[in-house]
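*Asks:* Take this structure, written in structure tokens, and hold onto it; I'll ask about it next.
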Amino acid sequence: MNKTSISAKAKKATLFDENTEFKPSKEFSKNAHIKSMAQYKRMHKESIDQPDKFWAREANELTWQKKWDNVLEWKAPDAKWFKGAKLNICENCVDRHVEAGRGNKAAIIWEGEPGDKRVITYRQLLRDVSRFANALIAEGVKPKDRVLIYMPMTPEASIAMLACARIGAVHSVVFGGFSAESIKDRLEDSEAVAVITCDGGWRRGGTVELKANVDAALKGNKTVKTVIVQKRIGNDVTMKKGRDKWWEDVIADAPAVHKPKGFNSEHPLFILYTSGSTGKPKGILHTTGGYMVGTYTTAKYIFDLKEDDVYWCTADVGWITGHSYITYGPLLNGVTQIMYEGAPNYPEWNRFWSIIEEYGVSIFYTAPTAIRAFIKAGDEHVDKHDLSSLRLLGTVGEPINPAAWLWYYEKIGGGKCPIVDTWWQTETGAVMITPLPGCTPIKPGTATLPFFGVDAAILDEDSNVCKPNVPGKLVIRKPWPSMLRNIYGDKKRYKDTYWGDYKGMYTAGDGARMDKKGNIYIVGRLDDVLNVSGHRLGTAEVESSLVAHKAVAEAAVVAKPHEVKGEAIVCFVTLKSNVKPTDKLKIELRNHVGKIIGAIAKPDAIHFAPALPKTRSGKIMRRLLKELVKTGQVTGNVSTLEDSKVITDLQKSIKE
Ligand code: PRX
């Protein structure tokens with residue numbers, strides 16, 4: 001049982017005293033991969049001064065069918081890591097461990113939402129992945145072809161990704177909560193030749209119609225030749241003859257042996273769409289060799305992975321966290337991992353804690369939004385369970401507020417587990433700023449220090465390094481192995497978005513500050529990107545879905561701080577002149593956004609306004625709207641506003 005009381009030190013930290021640090025226990029440090037700050041500093045220095053030496057040593061722990069000529073070729077913004085090498089990332093995730101004698105070790109311990117269970121050993125994973133790889137080849141999928149994966153959290157989601165990688169096809173996973181429209185956009189942009197999906201998925205006791213969404217998305221599509229459907233919930237689905245096949249049928253005749261071919265290090269591995277500042281998500285392109293070394297190394301050191309750990313990352317494979325720290329990083333390290341299909345609160349709020357107790361989870365990686373939801377649900381759900389198997393905790397996706405951090409530290413970690421608050425992005429492919437659990441002093445609210453090979457800085461508008469605690473733009477000054485290589489099909493947007501602000505440096509889009517000790521505090525996005533429950537959404541995306549509705553003339557979307565979700569979506573909508581503002585219409589618009597983007601984008605509030613605040617040149621003044629939703633009024637400078645009466649009307653609208 002964990003302690004319920006917050007220790008004196010933790011109480012002090014609730015006052016957010018930045019000097020209150022939590023150090024790992026001597027025992028933890030003694031057994032950790034990185035045991036002391038001196039070791040971290042030495043290795044970090046080497047990784048920056050001699051990246052070739054550092055990364056070659058890490059890469060040499062993996063299997064390469066042909067070694068590289070150069071560790072790095074860098075001509076900003078184009079990086080080639082491990083040029084000349086040939087490798088198969090799937091071979092590294094699976095075959096390598098079977099050959100090393102881990103064939104009977106559990107690779108994935110899976111629990112379905114209704115409570116069904118499966119254990120897949122590394123040997124079984126090898127057979128399953130090989131079969132599915134052969135099945136994809138039989139369906140005509142070739143290297144570099146794009147395959148869209150739209151699956152719930154079943155082992156087959158990872159198997160599908162690994163099988164694509166094994167045959168050199170490029171997977172593009174779309175989160176199961178996204179709509180048919182979102183799938184359609186991604187299919188069009190990537191020109192995918194195949195889709196892998198399920199008949200449906202379980203969610204909070206209900207079902208999600210995955211295949212039906214795929215069918216709707218495929219209307220008018222000309223590139224997709226095959227749809228492979230895993231049976232999960234057993235509902236009736238339409239199967240189009242010649243195009244749609246059951247997973248079970250395509251693997252039935254597929255050989256269980258497949259020889260993994262070596263691909264070039266810069267061979268494309270996956271495209272993952274993420275939100276930016278325009279209405280359409282961008283396809284972040286990752287390649288193979290560097291991504292493999294990056295995810296392998298970060299998972300090993302940050303989660304301090306050991307042979308007998310039971311690791312659990314609660315993300316969905318539809319997000320980058322699921323790619324790097326469910327499918328690739330842990331399997332590259334040969335660990336046993338838990339995979340859970342369903343909602344954290346199904347059937348009760350203790351589901352996560354019961355899983356940790358049942359399987360003896362030792363490393364637990366989740367999102368701040370989940371932690372806040374658990375706090376709200378009440379400690380009694382935690383108290384029922386023995387969480388003493390835990391030795392390390394992690395968070396990702398958004399800033400974690402000190403209160404949530406301390407609850408996680410004390411209540412879940414029993415005051416003995418280091419917390420790794422990991423900062424990174426879809427674009428970075430792997431964790432960039434993080435404590436290393438055996439050495440870094442941790443404290444609530446900071447992701448602490450750069451990982452090996454990461455040259456992070458906070459710059460002002462004139463490219464000067466900001467003084468301690470002065471906020472600025474977070475940049476990465478040197479290339480790193482798992483970095484994105486492109487926005488799929490749009491090199492110009494890639495250059496402009498990430499490499500345009502400071503010469504030769506990557507701009508993350510986040511604001512941050514650094515304290516005197518070098519700890520980095522992430523302040524949040526600087527662009528118009530929202531972070532709702534750790535999920536990235538563009539305000540422009542929500543706006544463009546709103547204006548696609550026949551009743552809407554104009555829309556502006558801003559974030560409002562939210563106790564559990566981090567940020568909530570607030571929309572100001574101007575209706576066409578002949579449309580009446582009704583509550584029914586608000587509901588209709590909410591559902592409309594859900595239909596266009598997906599349930600995660602459904603606005604929390606919609607306010608009808610006769611007009612939006614604009615500058616004389618017609619630009620919407622979001623700053624005023626942000627202030628309005630936060631404080632209920634506007635006190636900032638409104639001198640550039642075209643019509644000041646708009647503010648009075650808006651203030652009225654948020655009270656309605
Ligand atoms: O604003 C940062 C926030 O999430 C953004 C990246 O979102 P995405 O590409 O969806 O990847 C999320 C999972 C890696 C960042 O620009 N973010 C991520 N991790 C943290 C964070 N903000 C604060 N602290 C973090 N640990």
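The values are calculated or read from the model by the stated rules, or taken from the named source; none is laboratory data. Only a predicted model underlies this, so the values are computations on that prediction, with no experimental measurement involved. Methodologically, a virtual Cβ is constructed for each residue, glycine included, from the backbone with ideal geometry; neighbour enumeration extends over all protein chains shown. With ligands, DNA and RNA removed, areas are computed over all heavy atoms of the protein, side chains included. Shrake-Rupley method; radii C 1.70, N 1.55, O 1.52, S 1.80 Å.
*Asks:* If you average 1/r across every pair of different Cα atoms in the range 450-562 and take the reciprocal, what Kirkwood value do you get, in Å?
*Replies:* Values: mean 1/r = 0.0620 Å⁻¹.
Mean inverse Cα-Cα distance, inverted, gives 16.1 Å.
*Asks:* Determine the distance separating the Cα centre of the range 438-491 from the Cα centre of the range 506-547; give it in Å without decimals.
*Replies:* Using only Cα atoms to place each centre, the spacing works out to 13 Å.
*Asks:* Just to verify a number: FRET efficiency for K580 and Y502, C-beta to C-beta distance, R0 = 41 Å, to 0.05?
*Replies:* Numbers: r = 50 Å, r/R0 = 1.21.
After rounding, the FRET efficiency stands at 0.25.
*Asks:* At 7 Å along the Cα-to-beta-carbon direction for both S388 and E358, put a label point, then send me their distance in nm to one decimal.
*Replies:* 2.1 nm
*Asks:* Let me ask something else. Which whole-angstrom value gives the distance between the alpha carbon centres of the range 609-650 and the range 232-304?
*Replies:* 45 Å
*Asks:* Binning at 20 angstrom from zero up to the longest distance, how are the C-alpha pair distances of the chain distributed in percent?
*Replies:* With a bin width of 20 Å, the distribution comes to 18, 54, 26, 1.
*Asks:* For the range 529-655, what D do you get in µm² per second when you plug the Kirkwood radius from alpha-carbon pairs into Stokes-Einstein at 20 °C and 1.002 mPa s?
*Replies:* Values: Rh = 14.7 Å.
Result for D is 146 µm²/s.
*Asks:* Counting other Cβ atoms within 10 Å, which trypsin sites (Lys or Arg not before Pro) in the range 548-649 have at most 13 and lie in a DSSP loop? Could you put the intermediate results ahead of the total?
*Replies:* Numbers: sites: K550, K565, K576, K584, K586, R590, K595, K614, R616, K619, R622, R623, K626, K630, K645; in loops: K550, K565, K576, R616, K619.
The qualifying sites are K550, K576, R616, K619.
*Asks:* Around E91, what is the net charge, scoring Lys/Arg as +1 and Asp/Glu as -1 over all other residues with Cβ under 12 Å from its Cβ? Please report the intermediate quantities before stating the final value.
*Replies:* Values: positive: K86, R96, R166, K259, K261; negative: D95, E99.
Within the 12 Å Cβ shell, the charges total +3.
*Asks:* So if I take the centroid of the Cα atoms in the range 335-356 and the same for the range 183-208, what is the distance between those two points in Å?
*Replies:* Taking the Cα centre of the range 183-208 as reference, the centre of the range 335-356 is 23 Å away.
*Asks:* Here is a further query. Treating only the Cβ atoms of Lys and Arg (+1) and Asp and Glu (-1) as charged, compute the dipole magnitude of the chain about its Cα centre; round to the nearest 20 debye. Can you show the working numbers first?
*Replies:* On the way: 94 positive and 77 negative charges, 179 e Å.
Around 860 debye, computed over the chain.
*Asks:* Another question about this same structure. With label points built 7 Å along Cα→Cβ from the Cα atoms of D78 and V119, find their separation and express it in nm.
*Replies:* Label-label distance for D78 and V119, simple model: 5.0 nm.
*Asks:* What distance in nm lies between label points placed 7 Å from Cα along the C-beta direction at N221 and N469?
*Replies:* The modelled label-to-label distance comes out at 5.4 nm.
*Asks:* As a check on your grasp of the helix formula, calculate [θ] at 222 nm for the chain: sum -39500 (n - 2.57) over DSSP H runs of n ≥ 4, divide by the residue count, round to the nearest 500. Mind dumping the intermediate values first?
*Replies:* Values: 20 runs with 188 residues, N = 656.
Counting only the DSSP helices, I get -8000 deg cm²/dmol.
*Asks:* Within the set of other residues whose C-beta is less than 13 Å from the C-beta of K240, count the net charge using Lys and Arg as +1 and Asp and Glu as -1. Working shown, then result.
*Replies:* On the way: positive: K211, K219, K225, K241, R243, K245; negative: D215, D244.
The answer is +4.
*Asks:* Let me ask something else about it. First compute the accessible area of the chain with a 1.4 Å probe, then give the percent of it belonging to carbon and sulfur atoms. Write down the numbers at each step before the final one.
*Replies:* Numbers: 13300 of 25650 Å².
Percent of accessible area from carbon and sulfur atoms in the chain: 52.
*Asks:* What are the equivalent ellipsoid semi-axes of the range 244-299, built from the alpha-carbon gyration tensor (square roots of five times its eigenvalues), in whole angstrom, biggest first?
*Replies:* Semi-axes from the Cα gyration tensor: 29, 21, 10 Å.
*Asks:* Can you give the net charge of the other residues whose Cβ lies under 11 Å from the Cβ of E358, counting K and R as +1 and D and E as -1?
*Replies:* On the way: positive: K117, R351; negative: E111, E357, D386.
Result for the neighbourhood of E358: -1.
*Asks:* Here's something else I'd like to know. As an exercise, find the ratio Rg/Rh for the range 119-271 from alpha-carbon atoms, using the Kirkwood inverse-distance average for Rh. List each step's numbers first, then the result.
*Replies:* Details: Rg = 14.6 Å, Rh = 15.5 Å.
When Rh is taken as the Kirkwood radius, the ratio is 0.94.
*Asks:* Considering the convex hull of the alpha carbon atoms of the range 274-363, report its projected area averaged over all viewing directions, in nm², one decimal. Could you put the intermediate results ahead of the total?
*Replies:* Working: hull surface 29.7 nm².
Convex hull of Cα atoms, orientation-averaged projection: 7.4 nm².
*Asks:* Here's something else I'd like to know. Given the range 496-547, report the % of alpha carbon pairs whose separation exceeds 14 Å. Please report the intermediate quantities before stating the final value.
*Replies:* Numbers: 879 of 1326 pairs.
Beyond 14 Å sits 66 percent of the P(r) for the range 496-547.
*Asks:* Which three lengths, in whole Å and largest first, does the range 18-159 cover when its Cα atoms are put on their principal axes?
*Replies:* 53, 43, 34
*Asks:* Here is a further query. Measuring with a 1.4 Å probe in the full set of protein chains, what accessible area per residue, in whole Å², belongs to the chain?
*Replies:* 39 Å²
*Asks:* How high is the relative contact order of the range 119-271? Use alpha-carbon pairs under 8 Å, at least six apart in sequence, and give a whole percent.
*Replies:* Details: 257 pairs, mean separation 43.8, N = 153.
Normalised by residue count, the contact order of the range 119-271 is 29 percent.
*Asks:* Give the share of C-alpha pairs in each 10 angstrom bin for the range 197-353, from 0 to the last occupied bin, in whole percents, shortest bins first.
*Replies:* Using 10 Å bins, I get a P(r) of 8, 24, 37, 26, 4 for the range 197-353.
*Asks:* Determine the percent antiparallel among the DSSP beta bridges restricted to the chain, to the nearest 5. Working shown, then result.
*Replies:* Details: 60 of 99 bridges.
Roughly 60 percent of the beta bridges in the chain run antiparallel, per DSSP.
*Asks:* Also: Please give the per residue volume of the convex hull enclosing the alpha carbon atoms of the range 365-458, rounded to a whole number of Å³.
*Replies:* On the way: hull volume 9.8 nm³, N = 94.
Convex hull volume per residue, Cα atoms: 104 Å³.
*Asks:* Work out the charge dipole of the range 557-643 with +1 on the Cβ of Lys and Arg and -1 on the Cβ of Asp and Glu about the Cα centre, then indicate which of M621, V573, G598 is farthest towards its positive end.
*Replies:* Most positive-ward Cα: G598.
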